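Structure, as structure tokens:
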């Protein structure tokens with residue numbers, strides 16, 4: 001399996017990163033729809049496009065308004081958007097309010113609240129609620145070949161035994177790491193993760209690869225969260241997501 005990192009920053013874009021969007025071309029699934037969505041057309045290879053929303057904040061949903069141009073460049077038969085019902089309602093009522101964005105989006109909006117597990121083609125998907133202002137969800141994607149991906153963004157980090165079991169031994173764990181240890185207090189206030197918390201989660205979950213996502217756009221260094229501290233402790237390849245990166249797992 002291969003996932004493309006189309007937008008890897010949180011909150012707002014900067015000169016090198018757009019906001020959250022990750023795409024699995026073979027499955028036709030996008031994880032969130034931040035401003036990085038504009039990079040989708042050349043990667044679409046299925047006749048449907050499915051977007052899993054972790055929550056409704058703009059750095060994860062603003063790109064939904066770009067879909068008209070994306071689908072003009074690469075038409076598909078069906079667009080489906082998945083997420084918690086109140087988040088889908090908020091996006092439709094606010095982001096697509098006629099005074100904000102005048103063109104209606106032809107898409108199927110699928111609430112996941114009553115379906116802890118569902119399928120998109122051959123992809124089996126489950127989800128868990130997370131701690132974040134307004135709430136967010138983590139997704140686990142599994143395929144018939146045994147591959148497993150876990151996507152946890154916009155969260156203070158779940159260190160419970162239940163999350164460890166749910167996320168255990170993923171081929172790829174995508175986990176946000178917005179802050180360094182020095183600002184862990186601010187991370188907890190704003191509902192985000194920091195270096196030591198992600199280390200703790202990785203030690204419990206034992207992924208084969210760990211991809212650090214949702215990077216602070218104010219950080220300009222090549223290692224914005226001191227990932228070497230994580231790599232020293234976990235038995236997994238640790239990568240920092242950058243726009244344009246493709247990760248095989």
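Structure values in brief
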| read-out | value |
| --- | --- |
| In region 89-126, the residues that are touching a residue at least 40 places away in the same chain (Cβ under 8 Å) and surrounded by 13 or more Cβ atoms within 10 Å (Cβ to Cβ) | 105, 107, 120, 121, 123, 125, 126 |
| Condition met for residue 40 (crowded, with 20+ Cβ neighbours inside 10 Å, more than 28 Å from residue 158 (Cα to Cα) and in contact (Cβ under 8 Å) with a residue 12 or more places away in the chain) | yes |
| All positions within region 139-171 that are assigned to a strand (DSSP E or B), out of contact with any helix residue (DSSP H, G or I) (no Cβ under 6 Å at 6 or more places or on another chain) and farther than 25 Å from residue 185 by Cα | 139, 140, 141, 142, 148, 149 |
| Unique residue being more than 22 Å from residue 43 (Cβ to Cβ), touching a residue at least 60 places away in the same chain (Cβ under 8 Å) and out of contact with any strand residue (DSSP E or B) (no Cβ under 7 Å at 6 or more places or on another chain) when the list is 135, 191 | 191 |
| Test: residue in region 75-85 that is under 24 Å from residue 158 (Cα atoms), at pLDDT 95 or above, surrounded by fewer than 14 Cβ atoms within 10 Å (Cβ to Cβ) and out of contact with any helix residue (DSSP H, G or I) (no Cβ under 9 Å at 6 or more places or on another chain) | yes |
| Condition check for residue 179: touching a residue at least 12 places away in the same chain (Cβ under 8 Å), more than 22 Å from residue 64 (Cα to Cα) and either surrounded by 13 or more Cβ atoms within 10 Å (Cβ to Cβ) or out of contact with any helix residue (DSSP H, G or I) (no Cβ under 8 Å at 6 or more places or on another chain) (or both) | yes |
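The values are calculated or read from the model by the stated rules, or taken from the named source; none is laboratory data. Model, not experiment: these values are computed from the prediction. Because the Cβ atoms are built from the backbone with ideal geometry, glycine has one as well, and the counts that use them run over all protein chains shown.
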